[in-house]
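S.K.: Questions regarding the structure given below will be posed in turn.
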Amino acid sequence: MTDRAVGIDAIEIWTGKCKLDLAETFAPEKGDDPEKYTKGLGLRASSFPDTYEDIVTMAANAAKSLLDREGLAPTDVGRIDVATESAFDNSKPVSTYVAGCLEQVYEGDFRHANKGERKFACVSGTQSVDDAYNWIRAGRNRGRAALVIATDTALYARGDPGEATQGAGAVAMLVDEDPSIVSLSTDQGIGSMDETDFLKPQQQFPSVDGKRSVKVYLARMREALEDYESVSGRVGVEDFRFAPFHTPFPGMVRKAAVLAYRHVTRGTELEEALAPEIGRQPREDAFDDREAFETAMRDYVDALSETSRYREWYEATIEPTIDIGRQVGNWYTGSVHLARASALLSALRNDEDLVGEELLVGSYGSGAQAEIHSETVREGWREGVAAIDLQERLGARYDLSFDEYERIHDTHNHDVESDVEPFTQPANEFVHAGWGRMNERQYEYVE
């Protein structure tokens, strides 16, 4: 078992190559006020895969960019873990397809790398990082790193309330000893229950109970935070520089953040300092019934969210984590990892010294489970984060018209026969190239 720090040594992000502008393109066709999306959901645009893209191509392209940048060969990688809730095969894992793609362009192979696929809705990306962390800590890695990839096409049926939150992309992470970007703590909190808020029973597009899903997200996050505090000690407002949350849409993070702030300030000097302005937090034993208590608590939380103390904390600790999410939509398993990258990129732009600072990472997956853990920023974070090739990719996305959006959506709908020409030209990337004799997807590298 290793006593050395283990965590994320490198990150690469690959976004779908098409873009849907929600305010300018989507809202007018739906007859909606653009602010329903830009302010209510907190989204400006969604990323979509072109016709030759899917979860394998995005994952393989992110992985190749990362491996090339780090100067790594297949023999340097001891496991490939892919987290997705967009898988197209119930037996063969996406990681084998990704390895097959990479073996087309590298000398050597991944024959002795363990490969797997994780499924627990959006939390499985973090679970895959946990698996890699545990594998290395146990000393089973033989000096090799783990390649963890969260990849999804987070599409909804046309007309579904979740349609505006769609997105597509992949986040590749190298997990290793003595990491350059962040090290993971051993402390972890879990909140988990059997829920039916969001599911895909033998279907491509999700069935969603939107209101219940929000409640379940918030409840499991609270339970995970309480469980984390039971092993790490009480969390304070100033303990963490950033708090990246799972971000299905930024509006959800706004709800989670104020509840987390209420929780960590309860019974503290900060609660007393806020009392002259908004009163102390309601205590249930002061009310005759649960309904009255819950009403009082909602009123308190609303007032708390308007205080200058809370707003300053939110702007500094949470707002930087959702910048990328505003531009790309929901990436399911990759969303919390986009939030981490978004925060670190913001700190880089602002020339912050983050070495030794802590992040509190809140992951969530419907069905449902939340996980809270902390991470410590490492000496090499600046170089590692500066190498992420994202802004150029975001700017190069093809801006879809609404008619083109409908056609690209049909292309990725497994139940629709569609023949649509690509909107972009592939170059130096893996593409979906057709189908094999057993109806398997085939891929090739296009220079």
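S.K.: Suppose we keep just the DSSP beta bridges with both residues in segment 1-139; what percent of those would be antiparallel, to 5?
M.R.: Counting only bridges with both partners in segment 1-139, antiparallel ones make up about 40 percent.
S.K.: What does the charge count near TYR332 come to, summing +1 for each Lys or Arg and -1 for each Asp or Glu among other residues with Cβ under 13 Å from its Cβ?
M.R.: Numbers: positive: ARG118, LYS119, LYS200; negative: GLU85, ASP152.
Overall, the nearby charge balance is +1.
S.K.: Kindly put THR321, THR307, THR411 in sequence by how many other C-beta atoms sit within 10 Å of each C-beta, fewest to most.
M.R.: THR307, THR411, THR321
S.K.: Nearest 5 percent is fine: what portion of the DSSP beta bridges confined to the chain is antiparallel?
M.R.: 75 percent
S.K.: If every alpha-carbon in segment 202-332 counts as one equal scatterer, what log10 I(q)/I(0) does Debye give at q = 0.10, 0.15 1/Å?
M.R.: So the normalised log intensities are -0.38, -0.83.
S.K.: Could you work out the relative contact order of segment 6-446, using alpha carbon pairs under 8 angstrom and six or more residues apart, expressed as a whole percent?
M.R.: Rounded, it is 26 percent for segment 6-446.
S.K.: While we're on this one: Can you tell me which of 30-40, 323-333 comes out highest on packing, and rank the rest after it, using the mean Cβ neighbours within 10 Å?
M.R.: 323-333, 30-40
S.K.: From the C-alpha gyration tensor of segment 297-434, pull out the three semi-axes of the equivalent ellipsoid (sqrt of 5λ each), sorted largest to smallest, in whole Å.
M.R.: Details: eigenvalues 238, 100, 49 Å².
The equivalent ellipsoid of segment 297-434 has semi-axes of 34, 22, 16 Å.
S.K.: Rounded to the nearest 500 deg cm²/dmol, what is the calculated helix-only ellipticity per residue at 222 nm for the chain, with -39500 (n - 2.57) per DSSP H run of length n ≥ 4? Don't jump to the answer; show the numbers that get you there.
M.R.: Details: 14 runs with 162 residues, N = 447.
Using -39500 (n - 2.57) per qualifying helix, the result is -11000 deg cm²/dmol.
S.K.: Sort ASP68, ASP9 by Cβ crowding within 10 Å, fewest neighbours at the top.
M.R.: ASP68, ASP9
S.K.: Hey, what's the Cα Rg ratio for segment 133-174 versus the globular rule of thumb, 2.2 N^0.38 Å?
M.R.: 1.87
S.K.: What Kirkwood Rh does segment 143-248 have if only Cα atoms enter the pairwise 1/r average? Answer in Å.
M.R.: 17.0 Å
S.K.: Scale the Cα Rg of segment 98-143 by the rule-of-thumb value 2.2 N^0.38 Å and send over the ratio, two decimals.
M.R.: Working: Rg = 12.9 Å, N = 46, 2.2 N^0.38 = 9.4 Å.
That ratio works out to 1.37.
S.K.: Next question, about the same structure. Membrane-span-like helices in the chain: DSSP H runs reaching 20 Å or more (Cα, own axis), mean Kyte hydropathy at least 0.5? Please list the in-between numbers first.
M.R.: Numbers: long enough: 55-70 (23 Å, 0.31); 210-232 (33 Å, -0.65); 250-265 (23 Å, 0.22); 290-305 (22 Å, -0.48); 335-349 (21 Å, 0.80).
Result, helices passing both filters: 335-349.
S.K.: Please check: in the Gaussian network model of the chain (C-alpha springs, under 10 Å), which one of ASP289, ASP130, ASP76 has the largest mean-square fluctuation.
M.R.: Maximum fluctuation in the GNM of the chain, among the listed residues, is at ASP289.
S.K.: Exactly which trypsin sites (Lys or Arg not before Pro) in segment 219-300 are in a DSSP loop and have at most 15 other Cβ atoms within 10 Å?
M.R.: Here the sparse-neighbourhood loop sites are ARG234, ARG266, ARG280, ARG283.
S.K.: For GLU269 and ARG311, FRET efficiency with R0 = 22 Å and r from the beta-carbon atoms, rounded to 0.05?
M.R.: Values: r = 19 Å, r/R0 = 0.87.
Efficiency computed from Cβ-Cβ geometry: 0.70.
S.K.: Express the C-alpha Rg of segment 61-206 as a ratio against the empirical globular expectation 2.2 N^0.38 Å, rounded to two decimals.
M.R.: After normalising by residue count via 2.2 N^0.38 Å, the value is 1.12.
S.K.: Using only Cα positions of segment 6-446, each an equal point scatterer, no hydration layer, compute I(q)/I(0) via Debye at q = 0.05, 0.08, 0.11 Å⁻¹ and quote the log10 values to two decimals.
M.R.: Normalising to I(0) and taking log10 leaves -0.17, -0.44, -0.83.
S.K.: Taking just the alpha carbons, could you work out the radius of gyration and Dmax for segment 206-253, both in angstroms?
M.R.: For segment 206-253, the Cα-based Rg and Dmax read 13.1, 39 Å.
S.K.: What are the residues whose amide H is under 5 Å from the amide H of GLU85, where those residues sit 5 or more places off or on another chain and H is modelled from the backbone?
M.R.: So GLU85 has HN proximity to THR333.
S.K.: While we're here: Calculate log10 I(q)/I(0) of segment 355-406 for q = 0.15, 0.29 Å⁻¹, where I(q) comes from the Debye formula with a single equal point scatterer on each Cα and nothing for solvent.
M.R.: Here log10 of I(q) over I(0) equals -0.79, -1.03.
S.K.: Here is a follow-up. Please report, in whole Å³, the volume per residue of the convex hull around the C-alpha atoms of segment 1-143. Present the calculation step by step, with values, prior to reporting the outcome.
M.R.: Values: hull volume 21.6 nm³, N = 143.
Normalising the Cα hull of segment 1-143 by residue number yields 151 Å³.
S.K.: Once Rh for segment 269-331 is found with the Kirkwood sum over Cα pairs, what is the Stokes-Einstein diffusion coefficient at 20 °C and 1.002 mPa s, in µm²/s?
M.R.: 155 µm²/s
None of the figures in this text is laboratory data; all of them are computed from the coordinates on show. Source: prediction; values computed, not measured. Cβ atoms come from the backbone with ideal geometry, glycine included; neighbour counts cover every protein chain shown.
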